[in-house]
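Since the structure comes first, as C-alpha cells, the remarks are kept for the end.
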C-alpha cells in the first residue's frame, strides 16, 4: 500500500494579490532583478505556467490594482471626477509596499519606468475627458499629463506616509490642489 504524502482535495485558491505578496517577500529578500517568475510562483505554491494566468510578468503584479482601475475608468466623467474615481477606496497593496520599501527591494528603476507608463495611461484618459469638455488637443494633453503626474505623486506620498494612515484620496486632493495654485 502506497503512502500518500500530499494533501487531498482541492488545491487552495490563489489570487493576484497572493502572488504580489509572494513577489514582495522575494523582492525584500533578494531584490527585484534577482527574483524570477518561477521563484514567485513557487513561493505562492503554484506552477510557473499558472503564474501567467494572473499576470503577464512580475512587473504587472505590483501594478495590477491600478491597472484594473485605469482600464475600467469611465472617461465620460469630468476630468477631476475621473482621477478621483481611480483612487476611491484604494487599499494598501503590493504597490504601496514596494514604493515604501523601494530601496530594500532594489526596485527604484522598475517603479520609475512602470510609473511613467501608468502616468501616460492616466494622462491619455484625462485628456480624452478634457477634450470632451471643450479643451483644444494641446491643452488637453498638457493638463492630462499634469493629472497623471498628480495621481502618481499622490500614490507615492500615500505609500511613503504609511498607506494605511490616511486614504489615498486625501493625498490626491493635495496633489490636485497644486494644479490650481498660481505659478510663482
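Every number in this text was worked out from the coordinates using simple rules, so none of it is lab data. What you see is a predicted model, and the numbers here were worked out from it, not measured in a lab. Here the Cβ positions follow ideal geometry from the backbone for every residue, glycine too, while neighbour counts run over all protein chains shown.
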If one builds a Gaussian network model of the chain from Cα atoms under 10 Å apart, the most fluctuating residue listed among 172, 135, 95 is 135
Stretched fully, the stretch from residue 132 through residue 103 gains (0.36 nm per residue minus C-alpha distance, one decimal, in nm) 6.3 nm
The alpha-carbon center of segment 162-177 and that of segment 32-66 are separated, in whole Å, by 28 Å
Helix-only [θ] at 222 nm, the chain, -39500 (n - 2.57) per DSSP H run of 4+, per residue, nearest 500, equals -21000 deg cm²/dmol
Quick shape summary for segment 62-180, equivalent ellipsoid via Cα gyration tensor, semi-axes whole Å in descending order, reads 25, 14, 12
Projected convex hull area of segment 1-131, Cα atoms, direction-averaged, in nm², equals 10.2 nm²
Listed residues 88, 20, 129; largest mean-square fluctuation, Gaussian network over the chain with Cα springs below 10 Å, found at 88
Distance in nm between residue 113 and residue 85 label points, each 7 Å along Cα→Cβ, equals 3.2 nm
The chain, Gaussian network, Cα under 10 Å: of 134, 31, 145, the residue fluctuating most is 134
Scoring segment 112-184 by relative contact order with C-alpha pairs under 8 Å, at least six apart, yields a percentage of 28 percent
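What are the semi-axes of the equivalent ellipsoid for segment 67-129, taken as the square roots of 5 times the Cα gyration tensor eigenvalues, largest first, in whole Å?
25, 13, 7
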Relative contact order of segment 30-184 (C-alpha contacts under 8 Å, at least 6 apart) in percent is 24 percent
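For residue 142 and residue 59, what is the calculated FRET efficiency with R₀ set at 30 Å and r taken between the beta-carbons, to the nearest 0.05?
Computed FRET efficiency for residue 142 and residue 59: 0.60.
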